[in-house]
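*Asks:* Have a look at this one.
The values are calculated or read from the model by the stated rules, or taken from the named source; none is laboratory data. These numbers come from a predicted model, not from an experiment. All Cβ positions, glycine included, derive from the backbone under ideal geometry; neighbour counts span all protein chains shown.
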Amino acid sequence: MSSATLFRDGPPFRWTGSVPGDKSLSHRALIFAALSTHRRPSIVRGLGPGADIASTRSALTALGARFEGERVSSRGLRPPDHPIDCGNSGTTLRLLAGVMAAGSEITTLTGDASLNRRPMRRLVAPLEALGAEVNVAAGGTPPVSVRCGGALRGAPVAIDLASAQVRSAFELAAVQAAGSSKIDSPAGFRDHTERWLRHFGLGLYASDTAFVVEPGPIPVAEYHVPGDPSSAAYLWAAAALVRGASVQTRGVSLNPGRTGFLDVLRGFGAGVEVQVTGEIHGDPVGDVTVTGGLLGEVKVSGPLAVRALDELPLVGVLAAAAEGETHVADAGELRTKESDRIATTVGMIRSLGGTAEATGDGFVVIGGKLRGGRIDAAGDHRIAMAAGVAATVTEEPVTVSGAEAAAVSWPGFFDAMESVWSSR
Ligand code: S3P
C-alpha cells in the first residue's frame, strides 16, 4: 500500500486546464460502440484513464469486442466460458448485466473484494420484467449471472432508487427487446444513457423521469468523451476553500445529473460560472470556473443528494472547514459505494481534527479548523482524493494511506492537485 503526503503553503492559486475523460461516459461510449455491429468501427476519443474504464474494456474484449486505438468493432457479444472480472467497477458490472441479459448463453459477472460486497439484487426485478433470467449470490451480491431463454419482451418498470446504473442496465437490455419498454424512478439520476438513446432515435421521455425505450440497432458513431465533472470537483473544491483562488476546467460534462455539486458550492458561497460550449449526442458539455468564497453551511437532500452523490465526501470536507452546520440527508446509497461512504467520510473528517456525525441516511458536519493528520483511504478513490483536497487548508500535512486507490478514476491525481496549488 502506498501513501501520499500533501500540504499547501503558498498564496491563492489560479489554474486553467482540463481533467481526465468522464468515467460514466467512457463506460457508455465503450459499451454503445461494442453494441453496434456494423462493418465500420465506431470511434471513441478521450476515454478516462482510470482502472474502472480498463475493466469495461477488458470485459468487452472477453465478450468479443475488438479495440484498435480509437476504433471499436464488434460482431455481436457472446459470453466466454469463465466469469468476467469487473474489477472495482460497479458501473461495468451493472451495465454489462443489462447488455448480456439479452443473450441466450449465461454470462457471469464478478469483481474484486469490494465489488463482491456491493448490492446487485436491484438488477433482478427490472431485468426479469423483460423476460431475462437473473441470479445473484445469496447475499444479493456478485457473482451475477444473466441470460434470456427466448427473446426479451418490452415491459414497463418503476424502481424506487434514483440509480442511473439500474436504469441503464434496464435500457441496454430493453433496446435489444422485441417491443417498447418504459422505466421510471425518482429524479436526480444522471441521464447520459437516456440522452444518447434519444439522440439515436431509440427512445423518448414520457415525463421528467419516465423514459420509453424503442428497440433497434445502435448505429456506428463517434464518441468524444468530455472531462469528468466528478474529477473536476476536487479542483473546484480546492478553489472554493481559498479566498482569492480560482480554478477553470474546460470541456466537462454538464449533464444535469452531474451538476449538483456546483449548486452545493453556490450554497456555500463560492463563485460558480458555467458556460455550455457544445454537446455530445444530446448531452451538454462546457467550461466551469469556481472562485473561492466564504464557506457557510448547506443542506443537501432529495434530488440534490442524488445529483451530488459521488461528491458528498467532498461536501463533508468543505463543511468541516466552513463556518456553519451542514446537513446531508437522503443519501443512504452512500453506504453501498466502493466503501461505506457515510462511515468513511465521517471517519476522514474526524481524523483531520474536524467534527462530524453519521446519521441513518447521511451526516452532519460542524465547521471549524482542520488540523491535518493521517487518513486511511479504505480502498475508495473518492475518499483518497477528498482527503487530498483537505490539505488545501489544513494546519499540518495530510497523509493518505492507500493513496493508490485514486487510480480507479484518476491516476496522477495527487500530482495534479499539487500543480494546481502552485499555479499563479
Ligand atoms: C453511475 C451512477 C451512479 C454513480 C456512479 C456512476 C453511472 O451510481 O454513483 O459513480 O455511471 O451510471 P448509481 O446509479 O448506483 O446511483
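*Asks:* Take the residues in region 170-196 that are within 12 Å of the ligand (Cβ to nearest atom) and in a loop (DSSP other than H, G, I, E, B), then tell me which one is surrounded by the fewest Cβ atoms within 10 Å (Cβ to Cβ).
*Replies:* 186
*Asks:* Sticking with this one: Which of the residues spanning region 41-86 are buried (at least 22 other Cβ atoms within 10 Å of the Cβ) and either closer than 22 Å to residue 230 by Cβ or within 16 Å of the ligand (Cβ to nearest atom) (or both)?
*Replies:* Residues satisfying the conditions are 44, 47, 48, 50, 52, 53, 55, 56, 59, 60, 86.
*Asks:* Give the residues of region 90-111 that are within 16 Å of the ligand (Cβ to nearest atom) and either at positive phi or free of Cβ contacts under 8 Å to residues at least 60 places away in the same chain (or both), sorted by residue number.
*Replies:* Hits for region 90-111 are 93, 109, 111.
*Asks:* What number goes with the only condition from (1) of a type outside the set (Phe, Trp, Tyr); (2) in contact with a strand residue (DSSP E or B) (Cβ under 7 Å, 6 or more places away or on another chain); (3) within 30 Å of residue 154 (Cβ to Cβ) that residue 281 does not pass?
*Replies:* Result: residue 281 passes all but (2).
*Asks:* For a quick check of your reading of the model, give me the residue pairs whose first member lies in region 182-199 and is farther than 24 Å from residue 311 by Cα, whose second is in a helix (DSSP H, G or I) and within 12 Å of the ligand (Cβ to nearest atom), with beta-carbon atoms closer than 6 Å and at least 6 apart or on different chains.
*Replies:* Once the first residue is farther than 24 Å from residue 311 by Cα and sits in region 182-199, its partners that are in a helix (DSSP H, G or I) and within 12 Å of the ligand (Cβ to nearest atom) give 183/167; 183/170.
*Asks:* Sticking with this structure for a sec: Surrounded by 22 or more Cβ atoms within 10 Å (Cβ to Cβ), assigned to a helix (DSSP H, G or I) and not charged (D, E, K, R), is that true of residue 109?
*Replies:* Here the answer is no, as residue 109 does not meet what is asked.
*Asks:* Given the options 252, 288, name the one that is part of a strand (DSSP E or B), of a type in the set (A, V, I, L, M, F, W, C), under 25 Å from residue 15 (Cβ atoms) and within 16 Å of the ligand (Cβ to nearest atom).
*Replies:* 252
*Asks:* Further, regarding this structure: Take residue 137 and decide whether it is away from the ligand (no atom under 12 Å from the Cβ), modelled with pLDDT of 95 or more and outside any helix (DSSP H, G or I).
*Replies:* Considered against the rule, which asks whether it is away from the ligand (no atom under 12 Å from the Cβ), modelled with pLDDT of 95 or more and outside any helix (DSSP H, G or I), residue 137 comes out as yes.
*Asks:* Of the residues 400, 389, which is crowded, with 23+ Cβ neighbours inside 10 Å and more than 19 Å from the chain's Cα centre (by Cα)?
*Replies:* 400
*Asks:* Show the residue pairs that are 6+ apart or on different chains and have beta-carbon atoms under 9 Å apart, the first residue being within region 139-164 and without any contact (Cβ under 8 Å) to a residue 24 or more places away in the chain and under 24 Å from residue 83 (Cα atoms), the second being aliphatic (A, V, I, L, M) and within 16 Å of the ligand (Cβ to nearest atom).
*Replies:* Within 9 Å, the pairs are 140/120; 140/124.
*Asks:* Report yes if some residue within region 197-212 is in a helix (DSSP H, G or I) and closer than 16 Å to residue 94 by Cβ; otherwise report no.
*Replies:* No: region 197-212 contains no residue that is in a helix (DSSP H, G or I) and closer than 16 Å to residue 94 by Cβ.
*Asks:* Please name all residue pairs, on different chains or six or more residues apart, with Cβ atoms under 6 Å, provided the first residue is in region 383-408 and is over 17 Å from residue 316 (Cβ atoms) and the second residue is of a type in the set (S, T, N, Q) and surrounded by fewer than 20 Cβ atoms within 10 Å (Cβ to Cβ).
*Replies:* Going by the 6 Å Cβ cut-off, the qualifying pairs are 397/5; 399/3; 399/5; 401/3; 403/2; 403/3; 404/2.
*Asks:* If a residue counts only when it is in contact with a Lys or Arg (Cβ under 9 Å, 6 or more places away or on another chain) and hydroxyl-bearing (Ser, Thr, Tyr), which strands (runs of 3 or more DSSP E) contained entirely in region 1-103 have at least 1 such residues?
*Replies:* Counting at least 1 such residues, we get 3-6, 14-17, 42-45, 71-73.
*Asks:* I would also like to ask the following. Consider region 178-202. How many of its residues are over 21 Å from the mean Cα position of the chain (by Cα), over 17 Å from residue 31 (Cα atoms) and of a type outside the set (D, E, K, R)?
*Replies:* 5
*Asks:* Take the residues in region 1-33 that are more than 22 Å from residue 383 (Cα to Cα) and in contact with a strand residue (DSSP E or B) (Cβ under 6 Å, 6 or more places away or on another chain), then tell me which one is farthest from the ligand (Cβ to nearest atom).
*Replies:* It comes out as 14.
*Asks:* Hey, does region 255-264 have a residue that's in contact with a Gly (Cβ under 6 Å, 6 or more places away or on another chain) and either assigned to a strand (DSSP E or B) or crowded, with 23+ Cβ neighbours inside 10 Å (or both)?
*Replies:* So far as region 255-264 goes, no, none of its residues is in contact with a Gly (Cβ under 6 Å, 6 or more places away or on another chain) and either assigned to a strand (DSSP E or B) or crowded, with 23+ Cβ neighbours inside 10 Å (or both).
*Asks:* So which of 405, 356, 378 is surrounded by 19 or more Cβ atoms within 10 Å (Cβ to Cβ) and within 17 Å of the chain's Cα centre (by Cα)?
*Replies:* After applying the criteria, what remains is 405.
*Asks:* Give 306, 300, 290, 317 a once-over and let me know the one that is without any contact (Cβ under 8 Å) to a residue 60 or more places away in the chain and not small (Gly, Ala, Ser).
*Replies:* 290
*Asks:* If you don't mind, another one. Could you give every pair whose Cβ atoms fall below 9 Å, whose first residue belongs to region 346-358 and is closer than 18 Å to residue 7 by Cα, and whose second residue is polar (S, T, N, Q), counting only separations of at least 6 or pairs across chains?
*Replies:* Within 9 Å, the pairs are 349/355; 352/394; 353/394.
*Asks:* Could I ask something else about it? How about region 140-169: which of its residues are assigned to a strand (DSSP E or B) and either of a type in the set (A, V, I, L, M, F, W, C) or within 16 Å of the ligand (Cβ to nearest atom) (or both)?
*Replies:* 144, 146, 148, 157, 158 - these are the residues of region 140-169 that are assigned to a strand (DSSP E or B) and either of a type in the set (A, V, I, L, M, F, W, C) or within 16 Å of the ligand (Cβ to nearest atom) (or both).
*Asks:* Please pick out the residue among 367, 354, 388 that is of a type outside the set (A, V, I, L, M), closer than 30 Å to residue 244 by Cα and in contact with a Ser or Thr (Cβ under 9 Å, 6 or more places away or on another chain).
*Replies:* 367
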